[in-house]
């Protein structure tokens with residue numbers, strides 16, 4: 001377990017530093033890339049817990065899709081190289097306070113609920129077990145989520161696609 | 001790992017595996033680069049290609065590689081230096097990670113992962129981030145346009161790639177690449193098991209889609225819009241010189257090699273040869 005603890009410490013250290021840099025850096029692209037490091041270390045933590053499928057899904061969705069979408073948006077709207085002065089917000093102090101409160105509450109909730117409970121030595125879950133629990137015990141939330149995502153997908157297409165007669169109107 | 005009946009400690013195995021991966025990817029990139037980029041393209045254009053370095057120009061890419069290493073390490077004046085240096089590394093790391101899950105023999109696999117092919121598809125999407133960083137940090141409009149084109153194309157063709165793989169995964173009943181090979185080796189065609197059951201027979205359409213999507217993922221012709229030389233002079237690579245350009249080159253052809261291996265594992269039965277025990 002010592003190796004896991006060291007790996008956990010290293011990853012949490014990287015995660016914390018990158019998370020702070022996400023909000024303190026003066027460049028939007030750098031912020032997005034620091035966010036990518038944070039999400040990658042989250043995937044690392046999942047792997048450390050033996051949740052292989054979850055860790056890989058984290059990489060596929062957050063790094064392969066969400067961060068790429070962020071970068072697309074940022075680069076298409078003309079992010080400049082170097083520091084930007086307007087990136088800092090006036091409400092820095094209230095935001096910091098709210099963040100501190102939320103962190104404190106989640107830490108308190110975690111300690112209150114788990115107490116001195118320890119993880120079992122073997123926490124590895126196979127992909128088969130994940131699939132079985134998804135399609136038996138959690139089938140209803142799973143299906144609801146997929147219908148919701150389908151609706152969102154169709155909605156996005158409807159918004160993005162212009163009808164031919166609308167185009168004639170704008171001309 | 002007990003090929004020579006020697007049991008090695010975990011760290012010894014790890015070192016051997018790292019050395020093998022570090023040697024295979026550049027070697028594969030050299031061979032594929034020579035065969036396709038230099039020779040096949042030349043024959044298609046009715047010319048001989050390189051003939052001087054070594055017999056039939058086989059050492060041409062080695063000579064080119066040495067030349068790249070000697071070049072000056074140029075950064076564009078307004079570039080974001082750290083990201084500019086980071087981008088080729090990200091792309092190359094994605095290629096190295098891809099190779100980890102590829103089985104080449106019953107014992108010859110760097111890490112047998114439960115999520116095999118899913119892992120491979122996830123880490124192959126890492127290279128998109130590297131390409132976008134490369135384009136943006138170059139401080140060059142051609143590079144930025146090229147990287148946006150490349151990223152758009154890579155994301156778009158990931159979908160058919162995944163869908164082609166899904167058919168194989170359903171038929172094999174596992175995501176594990178070694179398991180997919182075994183499923184084909186132990187399969188039977190109408191009760192006849194002499195050649196196993198390579199999935200290309202049942203999933204020929206999937207195989208064709210997979211190869212087409214891989215071609216697009218590698219931005220090779222006819223899907224070479226992101227690096228269209230006549231429009232955007234090489235796309236996201238335009239500002240790169242020397243060994244950083246060499247990184248992109250190695251990543252491109254190394255990935256081609258790994259994807260060829262994946263296609264073989266998924267559809268052609270992988271390392272299994274009919275008549276031999278698995």
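No value in this document is a laboratory result; all are computed from the given coordinates. Keep in mind it's a predicted model, so treat the numbers as computed, not measured. Cβ: placed from backbone, ideal geometry, glycine included. Neighbour counts: every protein chain shown.
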Counting other beta carbons within 10 Å of each Cβ, put A:123, B:58 in order, fewest first.
A:123, B:58
Take B:32, A:71, A:134 and order them by how many other Cβ atoms sit within 10 Å, fewest up front.
A:134, B:32, A:71
Rounded Å value of the spacing that divides the Cα centres of segment B:60-97 and segment B:131-206
27 Å
Summing -39500 (n - 2.57) over every DSSP H run of at least 4 in chain A, dividing by its residue total and rounding to the nearest 500, the 222 nm mean residue ellipticity is -23000 deg cm²/dmol
Difference of contour (0.36 nm per residue) and Cα-Cα distance, residue B:75 to residue B:112
9.3 nm
Checking the a/c ratio against 1.5 first, then a/b against b/c, what shape does the Cα gyration tensor give for the protein assembly as shown?
rounded
Using label points projected 7 Å from each Cα along Cα→Cβ, tell me how many nm separate residue B:105 and residue A:107, to one decimal.
5.3 nm
Longest principal axis of chain B (C-alpha) makes with the long axis of helix B:126-137 (C-alpha) an angle, in degrees to the nearest 10, of 0 degrees
For segment B:174-242, what are Rg and Dmax over the alpha carbons, in angstrom?
19.4, 58
Taking the Cα-to-Cβ direction at residue A:24 and at residue A:138 and moving 7 Å from each Cα, how far apart do the two end points lie in nm?
3.6 nm
Any chance you could run the full-extension gain for residue A:145 through residue A:17? It's 0.36 nm times the residue separation minus the Cα-Cα distance, nm to one decimal.
42.8 nm
Ranked B:119, B:236, criterion: other C-beta atoms within 10 Å, fewest first
B:119, B:236
Residues residue B:89 and residue A:84, FRET efficiency given R0 of 30 Å [Cβ-Cβ distance, rounded to 0.05]
0.70
Starting from the coordinates of the alpha-carbon atoms of chain B, obtain the Kirkwood hydrodynamic radius over all distinct pairs and give the value in Å to one decimal.
20.2 Å
Can you tell me the 0 to 90 degree angle between the C-alpha axis of helix B:242-267 and the longest principal axis of chain B, rounded to 10?
20 degrees
What is the pair-distance distribution P(r) of segment A:1-72, computed from all Cα-Cα distances in 10 Å bins starting at 0, with each bin given as a whole percent?
22, 46, 27, 5, 0
With a Förster distance of 60 angstrom and the Cβ-Cβ distance between residue B:22 and residue A:91, calculated FRET efficiency to the nearest 0.05 equals 0.75
Relative to the longest principal axis of chain B, what angle (0 to 90°, nearest 10) does the C-alpha long axis of helix B:81-100 take?
20 degrees
At 222 nm, what helix-only mean residue ellipticity would chain B give, in deg cm²/dmol to the nearest 500, using -39500 (n - 2.57) for each DSSP H run of four or more?
-19500 deg cm²/dmol
